[in-house]
Amino acid sequence: MKRPFKRILYGGDYNPNQWGKEVWKEDMRIFKDARINSATINVFSWAKIQPSEDTYNFTELDEVIAMLSQENYDIVLATSTAALPAWMVKRYPEVARTDYEGRHHKFGQRHNACPNSLVFQKFASRLAGKLAERYGNNPHVTCWHLSNEYGGECYCENCEKAFRVWLREKYQTLDELNKAWNTEFWGHTIYDWDEVVLPDALGDGIEDAAEPHMTAFAGLSIDYCRFNSDGMLNNFKMDKEAIRKFDKETPITTNMMGTFKGLDYFKWAREMDIVSWDNYPRYDTPWSYTALRNDLMRGLKDAPFMLMEQTPSQQNWQKYNSLKRPGQMRAQSYQTLARGGDTIQFFQLRRSKGACEKFHGAVIAHVGTEDTRVFREVRQLGTELEKLGDAIPGSVNEAEVGIVFDWDNYWALEYTSGPSEDLTYVDQIQQYYQYFYDRNIAVHMIPCDADFGRYKMVVAPVLYMIKEGVKEALEEFVSQGGVLVTTYMSGIVDQSDNVYLGGYPGPLRTLAGVWVEEIDALSPMQSNEVIFGDGTKASCGLLCELMHLEGAECLARYGQDFYKDMPAAVKNRYGKGITYYIGTRMEEGLAKILESAAADAAVKPVLEGTDGLEIVCRKADGCSFYFIINFGDEAKQVPSALVGHMEMLTEETVKPGDMLAKYDVKIVRVE
C-alpha cells in the first residue's frame with residue numbers, strides 16, 4: 001500500500017467541468033499562490049463521463065488529470081457514483097429510492113440510488129473499474145474517493161427482499177427471529193420470511209411530529225439500521241474490488257460525517273485504507289464537540305485520517321451560515337491536524353455560480369480573484385503547512401483513556417420508547433468527553449470490541465445495549481486493575497433490544513455493585529440534587545435511577561423527592577480495579593466524580609497547568625509535536641514546560657511569557 005501521505009495534502013473539491021478552460025489556467029495560478037497541492041475531482045461527473053448506457057467520454061477528465069499532473073498535484077480521484085445520471089433513472093426507475101413514507105422518487109438531487117438495486121450496482125462498479133483501468137497507473141493519483149457521503153435510506157421492494165435475505169443469514173430460523181423481535185407483543189408472530197416488511201411509515205414505523213422515525217418494534221428497526229449500513233458498505237466494497245483489479249496499491253477512502261447516525265463507521269473503517277471525513281460545525285458548535293468528532297474519526301482505525309472537506313468561510317445549508325471569524329479557519333485546521341489529520345482540504349476550491357451550493361464558501365469567491373480576506377487566510381495556512389513538510393503525516397496520538405462510542409447503542413437508545421425524549425446518545429458522550437477536553441487529557445474513541453487493556457480508564461456512558469462478549473471484556477479489564485466509568489441507562493438490553501431480566505443494570509450489576517429498581521424521568525423544568533459525602537451539593541436532572549447498594553460504596557445521595565437519601569453515584573471495587581456507576585445526569589457534580597476516577601486510574605493531562613488552552617500531542621520517531629491552540633477570548637500564556645523548544649511555524653524558540661491571542665496556534669517540537 002502506498003504511504004498516505006508524503007506531505008500534508010492541502011486543497012479540496014475542484015470542479016473545472018463547471019467552467020470554461022480559460023478559467024482553469026487562472027485557477028492554477030491562484031492555487032499555486034495559496035500553496036495548494038491537491039485536488040479532489042470527478043465527485044459528481046457521472047452524467048458527464050457516461051452520457052448513455054453504452055457510451056463513456058473521458059476526454060475532459062483526461063485533460064483535467066493531465067493539467068493537475070503537470071502541476072504536480074496529489075489527485076484524490078472520485079468515482080462519481082454518488083449521483084445518478086438522468087438516463088439511468090428514466091430507463092431503469094428501480095434505481096431510485098423509495099422514502100420512509102413509501103413514495104418512490106423520480107430523478108433528482110444526489111445520494112439518490114437504491115443501494116440494493118442490481119442495476120445501480122452493475123453500472124457503479126463498472127464505472128469504478130473503467131476509471132481505475134484508465135488512471136490507476138498515474139503516480140499523481142494519490143487516493144481513490146468512492147462515492148460521496150454515503151447515507152440515507154431506501155424502503156423499496158428491492159430493499160425489502162434483500163432485508164429478508166440478510167435476516168435469514170443472521171437468524172437462520174423464524175423461531176430465532178420471532179424471539180429476537182419479541183413478536184408475541186401485539187400479535188406480530190412471523191410464519192414466513194416474506195411476511196417481514198420494512199419498518200417504514202407504512203409498517204411498524206411510528207410517525208410522530210415530535211419524534212419522527214420512531215418504531216413499535218425496536219429489534220426490527222435496529223436490524224434495519226444494521227442492514228442499511230451493511231448494504232451501502234457492500235456498494236463500497238464492490239467499487240473497491242473493481243478498482244483493485246487494476247490498481248493494487250493506491251489507498252481507497254470515502255468521506256464520512258463525524259457522528260452521523262446512519263452508518264456503523266467502525267465496521268466501515270475495517271474496509272477502508274484510510275478514513276476521511278467532512279467537518280462542518282455550526283456557528284455555535286462547541287470546540288470540544290469538533291474535537292470529539294476528530295478523535296472519533298481517528299479512532300475508527302486508530303490511525304491518522306484525512307480531512308476531506310471543510311469550508312474556508314461559511315456553509316450554505318445550515319440555519320444560520322455565519323462567516324468564520326479572522327483566524328478561525330486556521331485554528332480549526334490545526335485542531336484537525338493536532339488530532340490526527342494528515343490533510344486539510346476544502347469544499348470547494350472555486351465557488352459555484354448556480355444551484356443550491358452557490359453560497360457555500362470557497363477558496364476563490366465569486367469575485368474570481370485572490371483579493372479577499374478568505375484567500376489571504378488560505379494562503380497563510382498553505383505557506384505554513386508547506387513549511388511543516390513531511391514531519392507530521394503518519395505521527396500518532398497516544399491516550400490512557402478510552403471512551404466507548406457504539407452505533408448499535410446509538411440506534412437502540414434513540415429508538416427506545418421512554419424514559420425521556422431528551423435522552424440522546426451523542427449528547428451523553430459529549431458531556432463525558434468534555435471533562436477530558438477541558439483538562440487536556442488525551443482520549444481515544446473506541447468501539448465495544450476494543451482492547452480495553454490498552455487503557456488505564458474506560459468511560460462508557462449510556463451503555464444501554466450489552467452485546468455478546470462486552471460484559472466479559474469489561475469484567476476482565478476492571479479485574480486487572482482498570483477503572484471503568486458507566487452511567488444510567490446502561491446494561492438494559494441485549495443486541496435485539498430485549499431487556500435483561502433480573503434487575504438493571506443487567507450484565508453490569510456485579511461490576512457496578514448496585515441494583516437499579518426504577519428510573520425517574522425529569523422534564524426540563526424539573527431538577528433534583530445530589531449530596532456528596534463531604535456535604536457538596538450539585539443539581540441533577542434528565543434521569544434519576546433509584547439504586548440499592550450491593551457492595552458498592554455510595555459517593556452521593558439524592559437530596560429531594562420520595563427517593564431522597566437513595567444512592568445517586570457509587571464506586572465499586574472489583575478485583576484489582578474500580579467501577580464508577582453514575583445514576584443521574586449532573587453538571588458540576590460530574591467533574592467531582594470523574595476527578596476521583598481519573599485519580600484512581602492515574603491518568604494525566606498532556607501538559608500540566610494549561611487551563612483555557614487546547615493542547616494535543618502527536619508523536620513520531622522520538623519527537624513530540626505539541627499543538628497549542630487558544631479558542632478563548634482572552635490571551636493565554638504558553639505553558640512553561642515548552643519554553644526553550646522550537647516553535648515550528650515561526651522557527652523560533654519559545655520564550656518565557658510568550659502569549660497566544662484568540663485563535664493563535666503554536667506547534668512546538670520536543671525531541
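The values are calculated or read from the model by the stated rules, or taken from the named source; none is laboratory data. On a predicted model such as this, the values are computed, not experimentally measured, just so you know. Neighbour counts are summed over all protein chains in view; Cβ atoms, including those assigned to glycine, are modelled from backbone coordinates with ideal geometry.
Listed conditions (1) hydrophobic (A, V, I, L, M, F, W, C); (2) over 27 Å from Lys576 (Cβ atoms); (3) in a helix (DSSP H, G or I) are all met by Leu501, apart from (3). All conditions in (1) out of contact with any strand residue (DSSP E or B) (no Cβ under 6 Å at 6 or more places or on another chain); (2) surrounded by 24 or more Cβ atoms within 10 Å (Cβ to Cβ); (3) closer than 28 Å to Ile629 by Cα hold for Val458, with the sole exception of (1).
Against the test of being touching a residue at least 12 places away in the same chain (Cβ under 8 Å), part of a strand (DSSP E or B), more than 29 Å from the chain's Cα centre (by Cα) and under 23 Å from Gln431 (Cβ atoms), the options Val570, Val485 yield a single qualifying residue, Val570. Taken across the stretch 224-241, residues that are out of contact with any Ser or Thr (no Cβ under 9 Å at 6 or more places or on another chain), aromatic (Phe, Trp, Tyr) and within 30 Å of Pro139 (Cα to Cα) do not occur at all. Test Arg373 against the stated conditions and say whether it is over 30 Å from Gln428 (Cα atoms) and exposed (fewer than 15 other Cβ atoms within 10 Å of the Cβ). Against the criterion (over 30 Å from Gln428 (Cα atoms) and exposed (fewer than 15 other Cβ atoms within 10 Å of the Cβ)), Arg373 qualifies. I need a count of the residues in the stretch 395-410 that are assigned to a loop (DSSP other than H, G, I, E, B) and closer than 15 Å to Leu263 by Cβ. Here the count works out to 2.
In the stretch 547-568, which residues are touching a helix residue (DSSP H, G or I) at 6+ places or on another chain (Cβ under 8 Å) and over 23 Å from Phe452 (Cα atoms)? Selection gives Glu550, Leu555, Ala556. Within the stretch 391-425, being under 16 Å from the mean Cα position of the chain (by Cα) and either crowded, with 18+ Cβ neighbours inside 10 Å or not assigned by TED's automatic domain parsing to the domain that holds Gln495 (or both) holds for Gly402, Ile403, Val404, Phe405, Asp406, Trp407, Asp408, Asn409, Tyr410, Trp411, Tyr425.
Looking across the stretch 272-296 at every residue that is among the aromatic types (Phe, Trp, Tyr), surrounded by fewer than 21 Cβ atoms within 10 Å (Cβ to Cβ) and closer than 18 Å to Gly361 by Cα, the one that is modelled with the highest pLDDT is identified as Tyr280. For the stretch 646-658, filtering for residues that are surrounded by 11 or more Cβ atoms within 10 Å (Cβ to Cβ) and over 20 Å from Leu337 (Cβ atoms) leaves 2. Please go through the stretch 27-59 and pick out each residue that is without any contact (Cβ under 8 Å) to a residue 12 or more places away in the chain and either assigned to a loop (DSSP other than H, G, I, E, B) or of a type outside the set (Ser, Thr, Tyr) (or both). Answer for the stretch 27-59, where residues must be without any contact (Cβ under 8 Å) to a residue 12 or more places away in the chain and either assigned to a loop (DSSP other than H, G, I, E, B) or of a type outside the set (Ser, Thr, Tyr) (or both): Arg29, Asp54, Asn57.
Exactly one of these conditions fails for Lys106: (1) within 23 Å of Arg244 (Cα to Cα); (2) at pLDDT 95 or above; (3) assigned to a loop (DSSP other than H, G, I, E, B); (4) not acidic (Asp, Glu). Give me its number. Looking at each condition in turn, Lys106 falls short on (1). For the stretch 166-224, the tally of residues that are in a loop (DSSP other than H, G, I, E, B), buried (at least 20 other Cβ atoms within 10 Å of the Cβ) and among the charged types (D, E, K, R) stands at 2. All conditions but one from (1) within 27 Å of Gly368 (Cα to Cα); (2) outside any helix (DSSP H, G or I) apply to Ile65; the one that does not is (2).
Taking each residue of the stretch 214-230 that is at pLDDT 95 or above and looking for partners that are basic (Lys, Arg) with beta-carbon atoms closer than 8 Å, six or more apart or interchain, yields Asp223/Lys170; Ser229/Lys267; Asp230/Lys267.
Filtering the stretch 466-480 to residues that are part of a helix (DSSP H, G or I) and touching a residue at least 60 places away in the same chain (Cβ under 8 Å) leaves Glu475, Phe477, Val478, Ser479. Criterion first (under 22 Å from Ala113 (Cα atoms), under 18 Å from the mean Cα position of the chain (by Cα) and outside the structural domain of Gly632 (by TED's automatic domain parsing)) does Leu296 satisfy it? When the stated conditions are applied, Leu296 does not pass them.
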